[in-house]
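As structure tokens, the structure follows; a few thoughts come after it.
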Amino acid sequence: MQRVLAGDIGGTHVRLALVEVDEERARVVAEERFAVAAHTGAAEPLRRFLRALGEGAPRRACLGVAGTVSGRRVEGVNTDWVVDADALEEATGLERVELVNDFFAAARGVDLLGPQDVLAVGEGRAARADQPQAVLGAGTGLGEALRLPAPGNGWRVVGTEGGHRGFAPRTPLQDRLLVWLRARHGRVSTERVLSGPGLAAIYRFLVAAEGRPPAPDVESAPPLRQPERISALAEEHPTCAEALSVFLDVYGAEAGDLALTVLAGGGVYVAGGIAPAVLGPPVRRARFRRAFEDKGRLRSFVAAIPVWVVTSPHLGLLGAAAVAAAPTPPCAP
């Protein structure tokens, strides 16, 4: 097995890992997390991690970055970092650094998941290996990617910025949420609702515009901690419960829209840091599934599509490791 450096650069944290990988499996050997706000770029976290590894440090790396890849550079969507592969090679001494969209990495990592790393959401038929798959997930933002059947038994991964499509409300309450968000942001992407900050925005809308009672433990939390508090209090506080219900409705609907867009008969994988927490209880998965299948005349088609929650915290790192270990750079970042 090859040893490579894999990274996941989001809007809040940088995760770096030493990974052993081959075509069929991967194992995270060492991992460290760095706060984006504490650094001006990716070079210093990489240097620190490589120094800690010492003589066992790998020579090749791939970083999944929340942003659009242009050549060998990425401008972060939820951070002001510009990540440049050539500059990182020079700054760190790494032999090769590849950059991919973070959900391109997540979609590559699907091949390295085991049965213990996923949780079914509803039923659906068996996945079709000859039909596309979709991967999406909410975190600091909303990532989406596609997996298209390739000649032989493999998959071609295509990264997207689908999370920045316009938000499409489904209920009168969501209509009012859209108006409230538009007054603050102008254009409202789905990511404004379907993300950690989006969950906090739903809660804030319910309190400020709908007259729902505030939750003291949410009000006292710093902004970055509020989504976690809302989720944790959903079984205890009515406003947190309603906020999470709206979030799950939007999440399921967006997953169903993506499944329709690509005709994802191969299944839908729901990843990201939020999914295991909010989709763990069966009642929440059932709510997500109802919104997923609520597609009018195409309900029967979507109802047949299997959906899985990815419970492994290493999906993006595994995919980045697979890219780093590949003999040639990725063809579609």
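Here, each number is a calculation from the coordinates, and none is a lab measurement. Here the structure is a predicted model, which is why all the values come from computation and not from measurement. We place every Cβ from the backbone using ideal geometry, glycine too, and count neighbours over all the protein chains shown.
What to note about this one:
- Here the relative contact order of region 114-311, from alpha carbon pairs under 8 Å that lie six or more residues apart, stands at 32 percent.
- Label-point separation, Q116 to D217 (7 Å along Cα→Cβ), nm: 3.1
- Here the extension length gained between E32 and A183 equals 50.4 nm, from 0.36 nm per residue of separation less the Cα-Cα distance.
- When the chain is treated as a Gaussian network with alpha carbon springs shorter than 10 Å, the biggest mean-square fluctuation among G122, G163, G198 belongs to G122.
- Taking a ≥ b ≥ c as the square roots of the eigenvalues of the alpha-carbon gyration tensor, region 176-224 is classed oblate because a/c is 1.5 or more while a/b is no larger than b/c.
- Taking each residue as 0.36 nm, the span from R25 to E75 lengthens on full extension beyond its C-alpha to C-alpha distance by 14.9 nm.
- Global geometry of region 199-259, whether rounded, prolate or oblate, following the gyration tensor of its Cα atoms and the 1.5 cut on a/c: prolate
- Relative to one another, the C-alpha centroids of region 32-54 and region 233-257 are positioned 35 Å apart.
- Going by neighbour counts of Cβ atoms within 10 Å, the residues D294, D86 line up, fewest first, as D86, D294.
- The stretch between T40 and E55 holds 2.7 nm of extra length on full extension. This uses 0.36 nm per residue minus the Cα-Cα distance.
- Centre separation in Å (Cα based) which lies between region 149-170 and region 90-146: 10
- Nearest-20 debye value, the chain charge dipole, Cβ charges on Lys, Arg, Asp, Glu: 700
- By the beta-carbon count within 10 Å of each Cβ, the least crowded to most crowded order of H185, H39, fewest first, is H185, H39.
- In the chain, helices alone account for a calculated mean residue ellipticity at 222 nm of -11000 deg cm²/dmol, with every DSSP H run of four or more residues adding -39,500 (n - 2.57).
- Whether the chain is rounded, prolate or oblate, judged on the alpha carbon gyration tensor where a/c under 1.5 counts as rounded: oblate
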